[in-house]
Amino acid sequence: MTIQIITIDGPSGSGKGTLAAKLADHYQFHLLDSGALYRLLGLSLHKKDLLDSLEDQQGLKQSVTIATALDICFQSTEQGISILLDGEDVTQTIRTERVGEFASKVAAIPELRAALLSRQRAFVRLPGLVADGRDMATSVFPEAQAKIYLTASAASRAERRVKQLQAMGLDVKISDILANIQARDKRDMERTVAPLKPAVDAYIIDSSDLNIDEVFTLMTDFVNEKLAG
Ligand code: DC
């Protein structure tokens, strides 16, 4: 029996995470948040003081071993999904900007990306999977039945992020957030291994002027047609 896979790729702040969770809930599929794996590996290597040794052979070898054996657990709780690393709850910690930076370092190293491949593929289980990331359609699940690329202008992503941070009581400047987003986009799109780009057969949605419900409707119309075919 074919296990159906829906991939959602795109830049940070495009709304991928929210939409991927909504789709998984709608189709009752499993969910892979691949960014969380990069964040967990980044945090683990930081804790072991290896993040600055990725350029030397020995450090890289040790890091690949750690990536392959990473002790992680996604637990469903009443509050949502809890994420454990080596038995410790790091659900909040991995969402910080600092750990985002660690993840971004890790994501640029081909050997570490390769080490996370089988981990990501292990999420494919019946009845199906929604996979959220940057290279889900182009390199991890090229066989996916429905491929979506969700994007939005850097300006609208910056605006959304500022609102989120302000709601958390933080005082932020939109110009700083916009600069961060543009720098991260450039890094994600220009890296040589698995750069962020739409798969040739992806459905591209620009969410700059759409709300979540409008994007969700576009996605389910597309996915229903693909899964039926
Ligand atoms: O989506 P996120 O912010 O949680 O991703 C964290 C980092 O990991 C970000 O720098 C992009 C990178 N990443 C990646 O290279 N490939 C993926 N499939 C998912 C995330």
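The values are calculated or read from the model by the stated rules, or taken from the named source; none is laboratory data. Being a predicted model, the structure only gives us computed values, none of them experimental. Every residue, glycine as well, gets a Cβ built from its backbone with ideal geometry; the counts of neighbours run over all protein chains shown. Ligands, DNA and RNA are excluded from the accessible area calculation, which covers all protein heavy atoms including side chains. Shrake-Rupley method; radii C 1.70, N 1.55, O 1.52, S 1.80 Å.
Summary table below
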| quantity | calculated |
| --- | --- |
| ASP221 being within 23 Å of ASP25 (Cβ to Cβ) and open to solvent by 80 Å² or more (accessible area, probe 1.4 Å) | yes |
| Search result, residues across the range 27-49 that are polar (S, T, N, Q) and closer than 18 Å to VAL223 by Cβ | GLN28 |
| Residue satisfying all of: in the range 30-57; closer than 21 Å to VAL130 by Cβ and open to solvent by 30 Å² or more (accessible area, probe 1.4 Å); farthest from the ligand (Cβ to nearest atom) among these | HIS30 |
| Residue selected from the range 175-192 under the condition open to solvent by 80 Å² or more (accessible area, probe 1.4 Å) and of a type outside the set (A, V, I, L, M, F, W, C), by the criterion farthest from the ligand (Cβ to nearest atom) | ASP176 |
| Matching residues, the range 22-42, being free of Cβ contacts under 8 Å to residues at least 60 places away in the same chain and within 17 Å of the chain's Cα centre (by Cα) | ALA36, LEU40 |
| Residue ID - surrounded by the most Cβ atoms within 10 Å (Cβ to Cβ), chosen from residues in the range 11-20 that are within 12 Å of SER34 (Cα to Cα) and near the ligand (Cβ under 9 Å from one of its atoms) | LYS16 |
| Residue list for the range 190-221, restricted to those being touching a residue at least 40 places away in the same chain (Cβ under 8 Å), over 13 Å from THR7 (Cα atoms) and in a helix (DSSP H, G or I) | ILE212, VAL215, PHE216 |
| Whichever residue in the range 110-142 is more than 14 Å from SER34 (Cα to Cα) and not in a loop (DSSP other than H, G, I, E, B) and, among such residues, is least open to solvent (accessible area, probe 1.4 Å) | GLY128 |
| Matching residues in the range 13-30 - criterion: being within 21 Å of PRO198 (Cβ to Cβ) and not in a helix (DSSP H, G or I) | GLY13, SER14, GLY15 |
| Of all residues making up the range 70-109, the number that are of a type in the set (Ser, Thr, Tyr), assigned to a strand (DSSP E or B) and open to solvent by less than 30 Å² (accessible area, probe 1.4 Å) | 1 |
| Pick from the range 193-218, criterion touching a Lys or Arg at 6+ places or on another chain (Cβ under 7 Å) and over 14 Å from GLY10 (Cα atoms), ranking: surrounded by the most Cβ atoms within 10 Å (Cβ to Cβ) | PHE216 |
| Counted residues, the range 143-174 - those being open to solvent by less than 70 Å² (accessible area, probe 1.4 Å) and either outside any loop (DSSP other than H, G, I, E, B) or within 30 Å of VAL223 (Cβ to Cβ) (or both) | 17 |
| Every pair of residues 6+ apart whose Cβ atoms lie under 6 Å, when the first sits in the range 118-139 and is more than 17 Å from THR18 (Cβ to Cβ) and within 15 Å of the ligand (Cβ to nearest atom) while the second is open to solvent by less than 50 Å² (accessible area, probe 1.4 Å) and not aliphatic (A, V, I, L, M) | GLN120/SER34; LEU129/PHE29; LEU129/PHE123; ALA137/THR7; ALA137/ASP9; ALA137/LYS147 |
| Condition check for GLN62: open to solvent by 70 Å² or more (accessible area, probe 1.4 Å) and touching a Lys or Arg at 6+ places or on another chain (Cβ under 9 Å) | yes |
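A quick yes/no check of all residues on (1) modelled with pLDDT of 95 or more; (2) of a type outside the set (A, V, I, L, M, F, W, C):
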| residue | (1), (2) |
| --- | --- |
| ARG125 | yes, yes |
| ASP132 | yes, yes |
| ALA137 | yes, no |
| ALA144 | yes, no |
| ILE148 | yes, no |
| ARG161 | no, yes |
| GLN166 | no, yes |
| VAL172 | no, no |
| LEU178 | no, no |
